[in-house]
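J.: Before I ask anything, let me first share the structure, which is written out below as structure tokens.
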Amino acid sequence: MQSAISSALHSAELNRYYQLCKEQPVEGEQQRPTADKDQARMLTLLQQKIHSQNIEQLLDTDSRITKTVSASITKPAGCDDSKGLQALVDNYEMALFTLDLAMPLEKPLGAKSAASKSRSNAEQQDIQQLIARSHAIALVNVVDKQQLSAVQQANYLHPDYQGRYVFKVQHGWRSTVSQYLGMHIFVADGDIDKTAKQWLVFLDKNGHFIKAIAADKAISHIRALQNADWRYDVHGALHRN
């Protein structure tokens with residue numbers, strides 16, 4: 001799949017370059033091509049290997065690979081950058097060579113895309129169900145309990161809470177929660193550097209954790225929630241958005 005995506009992206013970059021730099025050459029200069037001369041070969045290989053010539057569908061199949069390959073492509077700095085152009089052509093040839101050696105997909109690309117879309121829909125449904133059964137949702141940071149005064153600790157934390165680290169609430173959705181919460185897990189001092197520093201937490205009406213997800217793994221959840229309903233400022237004052 002990676003070689004297919006790489007071939008398609010290199011072809012697109014070559015076509016972009018040729019269109020941008022298609023002015024007539026000066027006297028003595030060789031006529032520049034106006035399009036990727038290997039595009040037909042690339043499309044034939046795509047048909048053989050992934051059973052499709054749909055470039056848009058190919059690039060949407062695995063956005064992570066597409067983004068990674070796109071960022072790594074060597075692009076000419078300008079129309080006069082012959083070394084950059086040659087590097088682009090050489091890398092394109094390597095991508096086509098790798099694609100030629102690759103084993104064909106067992107199922108058509110469309111079938112894989114449909115399965116991926118089905119998984120995505122199922123994930124979105126799970127996210128919406130989690131949001132619906134949560135009384136309150138908050139984005140929180142992990143802080144040392146010693147930042148709180150004795151009065152704050154008494155007001156915010158259960159008397160039996162033994163952990164050194166707590167959650168400091170930044171903003172949230174649905175019902176409000178207090179600015180500090182005890183964590184859902186016990187974190188020893190030796191493990192704090194290996195623990196996520198920011199979490200998205202889901203609470204029931206009794207303030208118990210339904211789920212806590214490290215923020216870097218909760219991008220889809222945060223996107224589904226959209227704009228926060230309330231927030232705490234730097235002075236600890238609650239504001240409703």
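The values are calculated or read from the model by the stated rules, or taken from the named source; none is laboratory data. This structure is a prediction, so every number in the text was calculated from the model and none was measured. Heads up, the Cβs are rebuilt from the backbone with ideal geometry, glycines too, and the neighbour counts pull from every protein chain shown. SASA here: full protein model, heavy atoms, side chains in, ligands and nucleic acids out. Shrake-Rupley method; radii C 1.70, N 1.55, O 1.52, S 1.80 Å.
J.: For region 82-92, enumerate the residues that are without any contact (Cβ under 8 Å) to a residue 24 or more places away in the chain and either outside any helix (DSSP H, G or I) or closer than 13 Å to S6 by Cα (or both).
T.: D90
J.: Looking only at region 225-240, decide whether some residue is over 30 Å from R119 (Cβ atoms), of a type in the set (A, V, I, L, M) and loosely packed, with under 11 Cβ neighbours inside 10 Å.
T.: Within region 225-240 (the criterion being over 30 Å from R119 (Cβ atoms), of a type in the set (A, V, I, L, M) and loosely packed, with under 11 Cβ neighbours inside 10 Å), the answer is yes, since at least one residue qualifies.
J.: In region 28-52, which residues are open to solvent by 80 Å² or more (accessible area, probe 1.4 Å), modelled with pLDDT of 90 or more and polar (S, T, N, Q)?
T.: Q47, Q48
J.: Taking the options K75, K83, name whichever one is in contact with a Phe, Trp or Tyr (Cβ under 8 Å, 6 or more places away or on another chain), under 20 Å from T34 (Cα atoms) and open to solvent by 90 Å² or more (accessible area, probe 1.4 Å).
T.: It is K75.
J.: Also, I was wondering about something else. For region 208-240, how many residues are part of a strand (DSSP E or B) and either closer than 24 Å to I192 by Cα or of a type outside the set (F, W, Y) (or both)?
T.: Matching residues across region 208-240 total 10.
J.: Looking only at region 98-122, count how many residues are modelled with pLDDT of 85 or more and either within 14 Å of Q2 (Cβ to Cβ) or among the acidic types (D, E) (or both).
T.: Residues in region 98-122 being modelled with pLDDT of 85 or more and either within 14 Å of Q2 (Cβ to Cβ) or among the acidic types (D, E) (or both): 7 in total.
J.: Also: Could you check how many residues of region 196-205 are in contact (Cβ under 8 Å) with a residue 60 or more places away in the chain and loosely packed, with under 15 Cβ neighbours inside 10 Å?
T.: 2
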